[in-house]
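First comes the structure, then the notes that go with it.
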Amino acid sequence: MSELSSQNTAMVTARNISFIADGQLLLDDISLSIASGTVTMVLGHNGAGKTLLLSALHGLIMPQRGTVTGPTRQKQKMVFQKPVLLRRSARDYFEFLCPGLDDNTVQNWFQKAQLGPRMTTPARQLSGGESQKLALIGALASQPDLLFLDEPTAHLDFGSISFIESQITAARKSGTTIVMTSHNRVQAERLAEHVIFMENGKIVETASAKTFFSSPQTKAAKTYLKHY
């Protein structure tokens with residue numbers, strides 16, 4: 001099993017999980033343990049299995065083999081690269097993601113994300129950056145123990161990227177365990193404490209972020225870093 005940190009209690013653990021779809025082995029006997037209160041970056045080429053791994057750890061897909069243990073679904077959130085927005089206002093969508101908050105708290109989250117004037121706008125009319133910020137604040141407002149982020153800043157403007165990264169950092173400081181994917185090497189180096197590198201549905205290498213980016217151990221990781 002890949003132990004990403006021996007100093008922290010594991011927040012989520014996978015043991016020998018495999019996932020098969022249409023006769024293809026998409027996750028291949030994966031075992032890992034992600035330490036509580038850390039930012040772990042899952043890296044790899046398109047098709048490596050990164051999103052599937054996050055979905056399996058979050059319980060959105062059920063592996064045919066192996067087990068996953070972690071906090072209850074109520075204490076986890078996942079933000080997708082392209083949020084699925086419902087036919088309701090931005091505020092109603094936020095309250096769907098995180099029900100029960102008082103009016104001042106809701107407004108404070110919207111102001112923090114610079115979405116105050118957009119509260120009554122239909123969620124599906126928001127820009128890409130606004131949609132992603134809305135999905136993120138809806139996830140963070142519930143104060144999850146575990147947060148999965150799948151390419152949360154892909155194709156976004158600088159302002160949206162800066163806000164999302166600042167919220168990731170703040171959530172980490174407050175104790176949230178974060179597992180995310182990114183194709184942005186600079187972002188990965190900036191945010192990650194640990195790295196899981198995948199290829200063809202397998203975990204090829206795990207290391208601290210400092211070690212992975214300065215001296216990767218496998219040929220696959222070295223090749224990947226030459227191109228990102």
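The values are calculated or read from the model by the stated rules, or taken from the named source; none is laboratory data. Computed from a prediction, not measured in an experiment: that's the story for all the values here. Glycine gets a Cβ as well: all are built from the backbone with ideal geometry, and neighbour counts include every protein chain shown. Side chains included, ligands, DNA and RNA excluded: accessible areas come from the protein's heavy atoms. Shrake-Rupley method; radii C 1.70, N 1.55, O 1.52, S 1.80 Å.
Couple of notes before you dig in:
- Directionally averaged projected area (segment 138-228, Cα convex hull): 6.5 nm².
- Residue-count net charge about Lys133 - beta-carbon cut-off 13 Å; Lys, Arg +1, Asp, Glu -1: -1
- Contact order relative to length of segment 87-228, as percent, for alpha carbon pairs under 8 angstrom and 6 or more apart: 17 percent
- Partner lysines for Lys133 [C-alpha distance under 25 Å; skip if fewer than 8 residues away on the same chain]: Lys50, Lys75, Lys77, Lys82, Lys112, Lys173
- Of the solvent-accessible surface of the chain, computed with a 1.4 Å probe and all protein chains present, 48% belongs to carbon and sulfur.
- For segment 12-63, the convex hull drawn through the C-alpha positions has a volume of 78 cubic angstrom per residue.
- Residue of Val12, Val106, Val84 that the Gaussian network model of the chain assigns the largest fluctuation, springs spanning Cα pairs under 10 Å: Val84
- Length released on extending from Ser166 to Asn200, taking residue separation times 0.36 nm less the Cα-Cα span: 9.1 nm
- Those trypsin sites (Lys or Arg not before Pro) in segment 59-150 that DSSP places in a loop and that have at most 15 other beta carbons within 10 Å: Arg87, Arg88
- Inter-probe distance in nm under a simple model that places probes 7 Å from Cα toward Cβ, at Phe96 and Val84: 1.0 nm
- Segment 28-162, relative contact order [Cα under 8 Å, separation at least 6], %: 31 percent
- When the P(r) is computed for segment 59-206, the part past 17 Å accounts for 64% of the Cα-Cα pairs.
- Segment Thr9..Gln64, full-extension length gain: 17.1 nm, with 0.36 nm per residue of separation and the alpha-carbon distance subtracted.
- Between Met78, Thr120, Asn108, the Cα set farthest toward the positive side of the dipole of segment 61-134 (charges on each charged residue's Cβ, about the Cα centre) is that of Met78.
- A 1.4 Å probe run over segment 1-153, with the rest of the protein chains in place, finds 48 Å² accessible per residue.
- Altogether, the Stokes-Einstein calculation at 25 °C and 0.890 mPa s, with the Kirkwood radius of segment 51-134 over Cα pairs as Rh, returns a diffusion coefficient of 169 µm²/s.
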